[in-house]
Number of protein chains: 2
Amino acid sequence: MSLAEDRTKPGAGTLYKTIRQDIERRILTGEWPPGHRIPFEHEIMEHYGCSRMTVNKALSELAQADLIERRRRAGSFVRRPQFLSAVLKIPDIRAEIGALGRAYGYELISSVRRAANASDRERLGVKKPCKVIAIRCRHSADNVPFAIEDRLIDLDAVPDAAKANFKIDPPGSWLLHHVPWTEAEHAISAIVADDAIADGLHIAVGAPCLVIERHTWRQGQPLTAVRLVYPGEQHRLVARFRGSE
Amino acid sequence: MSLAEDRTKPGAGTLYKTIRQDIERRILTGEWPPGHRIPFEHEIMEHYGCSRMTVNKALSELAQADLIERRRRAGSFVRRPQFLSAVLKIPDIRAEIGALGRAYGYELISSVRRAANASDRERLGVKKPCKVIAIRCRHSADNVPFAIEDRLIDLDAVPDAAKANFKIDPPGSWLLHHVPWTEAEHAISAIVADDAIADGLHIAVGAPCLVIERHTWRQGQPLTAVRLVYPGEQHRLVARFRGSE
DNA sequence: ACGGGCGATATGTCTATACATAAACTCAGC
DNA sequence: GCTGAGTTTATGTATAGACATATCGCCCGT
């Protein structure tokens, strides 16, 4: 029996959203556990009495949201929930502080160009010898230290970085505007301030700090590795999101 | 002039992906800044010599990824980048530890049912008087403390919670399987362990801890507020993601 | 038993078309 | 000048059909 006639009453609104939410609910409640094969587009389309494009739109969105995985010929499958997946969209500290309505300050502490040593190579994840720029700098908001940045840039992957003026431009901003990336990884952890950090952030030794380490790649090639240290009790990473309405 | 013939050569693959990436590139490089109106579907479709549905698919995906905002009659606009947006998908600590291949342990420390006091109401974000359950519990992996959880559940919003057995089921797991949510907010910060936390996590007083505070709503109604404290140097939130290929 | 080829099948993309809907704009009437 | 009704317009949803493409599984020949 077709369910097309029900379409008139539910508050859901549109058909493909109804389909998407029906499936989403079954996944989130565990009725369809990870690995479960979702009915074929063909079957769903008969069940709702609609065309395949409509079903396809619903499933495509679920796939974009990583809730399901679609495999040609095999069907669509519920994905394992992504435990501990934290996605940060922090393109640019300068812009971030600006968005908070505070005055941005930037200070280059050191910038060294050198052949990558073993620890540089390990941090970037490169095997071959290469040249790097190692940068240490400080961001501030309204003249209060906001974050300490420690960055390595692979000069073989980003040769233009040799020409950039990091005395003026924060390296993060410069990279964002000049170098496209395809993959990134973030790791968030907590540490206590040692002498150097306490000094740089104007906080007490032993105070908690939030650390974000980000690695960025282009087509699998490492571009840059950065470690940002924030005063932990003043700074919070906040995100609000929807369960796809 | 139509660009349809170029479709044969680029490695990009499909047309709608080409369109999406072309637009994405212009946004990420700042060529089209926030607020910029991107060409109408009509114009894009003529530019690439394709049908509107193809353009629509590209734009819909950009909208789903929050890169653009679409307004009827007005057009599509580049959104402000979301500074400091951290999206955590951590449905369930129990499942998370299981996925790591470690033995999950759970221990209810206290569970109190009471009328919400002022601080409860503020934490949940409710105005009216209501009943709540306050739960404190501990999660462990291979018998090592993994996280301390402190949770409030609004009993008016989730009456079924009164019947749940939190001596056996972790409240997070129970809620995930019984209560659908529509919005959530995460805040990540760092603290140092006080006596209670040090005791609960078996770490030293003054050791760094990662704190995740999550609020969950259904259609704007607060459901639960939870604070998870992790040992900071052992625990890392890790996420890898793609710039939409 | 093993591997290559081939057909069946489910998803992936694309088109041309149609109608719905929200919002911005126009303009008449007060 | 202001208000409200009607028009225009861009997006939103849905359709039927077509062809592309990856791949699973079967069968056949060695």
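All of the numbers you see were taken from the coordinates with simple rules; none came from a lab. Just so we're clear, the structure is a prediction, and the values are computed from it rather than from any experiment. Note that we place each Cβ from the backbone using ideal geometry, even for glycine, and neighbour counts take in every protein chain shown.
Observations, loosely collected:
- Measuring between their Cα centroids, segment A:50-120 and segment B:120-170 lie 30 Å from each other.
- Label point of residue B:102 (7 Å along Cα→beta-carbon): distances to the other copies' equivalent points are 3.4 nm, sorted ascending.
- Ranking A:50, A:81, A:27 by Cα position along the charge dipole of segment A:16-84, where only Lys, Arg, Asp and Glu carry charges on their C-beta atoms, puts A:81 farthest toward the positive end.
- Within chain A, longest stretch free of exposed trypsin sites (Lys or Arg not before Pro) [DSSP loop, at most 10 other beta carbons within 10 Å]: A:168-245
- Chain B: angle of helix B:15-28 to the longest principal axis, Cα-based, in degrees nearest 10: 70 degrees
- Cα shape, chain A, gyration tensor, a/c 1.5 rule: prolate
- Neighbour-count ranking [beta-carbon atoms within 10 angstrom, fewest first] of A:130, B:137: A:130, B:137
- Taking the square roots of five times each eigenvalue of the Cα gyration tensor of segment B:76-190, the equivalent ellipsoid has semi-axes of 25, 23, 13 Å, listed largest first.
- Under 11 Å, Cβ to Cβ, from residue A:53 - net charge with Lys/Arg +1 and Asp/Glu -1: +2
- Cα gyration tensor category, rounded, prolate or oblate, for the protein assembly as shown with a/c compared to 1.5: oblate
- Label point 7 Å beyond Cα along the C-beta direction, distances from residue A:46 to other copies (nm, shortest first): 4.5
- Taking a straight Cα-Cα cut-off under 20 Å and skipping sequence neighbours fewer than 8 places away in the same chain, the lysines within cross-link reach of residue B:17 are A:57, B:9, B:57.
- Net charge over other residues, Cβ less than 11 angstrom from the Cβ of residue B:132 (K, R count +1; D, E count -1): +3
- Each Lys or Arg adds one and each Asp or Glu takes one away; over the other residues whose Cβ falls under 14 Å from the Cβ of residue B:159, this sums to +1.
- Rounded, prolate or oblate (a/c below 1.5 giving rounded, otherwise prolate when a/b exceeds b/c) for segment B:135-245 by Cα gyration tensor: oblate
- With label points set 7 Å from Cα along Cα→Cβ, the inter-copy distances at residue B:206 are 0.4 nm, sorted shortest first.
- Dipole size of chain A about its Cα centre, with +1 on Lys/Arg Cβ and -1 on Asp/Glu Cβ: approximately 660 debye, rounded to the nearest 20.
- Between helix A:52-64 and chain A: long-axis angle, C-alpha atoms, 0 to 90°, nearest 10: 30 degrees
- Value in Å of the Kirkwood radius, where segment A:4-78 supplies the Cα pairs that are averaged: 12.5 Å
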